[in-house]
Amino acid sequence: MGRWEPDARGRLLQAALDLYGERGFEQTTVAEIAERAGLTERTFFRHFADKREVLFAGASALQERMVGAAAEAPAHVSPIEAAAAGVEAAGAAIQEGGELPRQRQAIIAASVELQERELIKLAALASSLAEVLRARGVGEPEASLAAEAALAAFKIGFERWVDSSGERELPQVIRESLEALKAVSAGAT
């Protein structure tokens, strides 16, 4: 495949995911990713700041979709329902990636460095979601609690979805995790 073929970013992403899966994240170099994609290292760095960014480059778009959905939730819904709208929208965005989210998660699970980065990303998502809830008039600690609880349900739902055969939609699995959280909070198990 030539350097001038279309979709350099997509080719770099797929090459990186393939190599991370074959060799591991730590053992894969930017040079190897670029070579596999049929591109130069310079082209790699035009698209990604470093090899971790291949896995986390979509975080800002995911955050925008999540906070947008939470902000647009009907005014009468509870803080947890507004937060739920946000994490379900994020789940729908992730599912649009087909098998890439599962492949990405397997790579992250195999690397402590990447797990740390994922936790930082989740903390940033929770902070942004709490900010949206505060803008909706929710006070503290309710805004932070609703945001953190919704992100916990999102994380558990995502893990369940990754481990499943893919028959169910990610937003539905996230919704089930939120309902389980509500049941636990209400004392029903």
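The values are calculated or read from the model by the stated rules, or taken from the named source; none is laboratory data. The structure displayed is predicted, hence computed values, not measured ones. Cβ coordinates were reconstructed from backbone atoms using ideal geometry, including for glycine residues, and neighbour counts include every protein chain displayed.
Here are the numbers for the structure shown:
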item: Meets criteria (assigned to a helix (DSSP H, G or I) and either closer than 15 Å to ARG102 by Cβ or within 16 Å of the chain's Cα centre (by Cα) (or both)) for GLU176; result: no
item: Some residue of segment 72-91 being in contact with a Pro (Cβ under 6 Å, 6 or more places away or on another chain) and surrounded by 16 or more Cβ atoms within 10 Å (Cβ to Cβ); result: yes
item: Neighbours by Cβ (under 8 Å, 6+ apart or cross-chain): first from segment 147-172, closer than 19 Å to ILE108 by Cβ; second surrounded by fewer than 18 Cβ atoms within 10 Å (Cβ to Cβ) and among the basic types (Lys, Arg); result: GLY157/ARG175; TRP161/ARG168; VAL162/ARG102; GLY166/ARG102
item: Test: residue in segment 85-100 that is in a helix (DSSP H, G or I), farther than 30 Å from ARG136 by Cα, within 13 Å of the chain's Cα centre (by Cα) and assigned by TED's automatic domain parsing to the domain that holds ALA135; result: yes
item: Members of segment 104-115 found to be assigned to a helix (DSSP H, G or I) and surrounded by fewer than 17 Cβ atoms within 10 Å (Cβ to Cβ), listed by number; result: ALA106, ALA109, VAL112, GLU113, GLN115
item: Qualifying residue in segment 26-35 (condition: surrounded by 15 or more Cβ atoms within 10 Å (Cβ to Cβ), closer than 26 Å to ILE120 by Cβ and among the polar types (S, T, N, Q)); result: yes
item: Wholly within segment 1-63, helices (runs of 4 or more DSSP H) carrying at least 1 residues that are of a type in the set (Ser, Thr, Tyr); result: 8-23, 41-47
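To keep it simple, each residue is scored yes or no on (1) within 16 Å of LEU62 (Cα to Cα); (2) among the hydrophobic types (A, V, I, L, M, F, W, C); (3) assigned to a helix (DSSP H, G or I).
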| site | (1), (2), (3) |
| --- | --- |
| ARG117 | yes, no, yes |
| ALA130 | yes, yes, yes |
| GLY137 | no, no, no |
| SER144 | no, no, yes |
| GLN172 | no, no, yes |
| ALA180 | no, yes, yes |
| SER185 | no, no, yes |
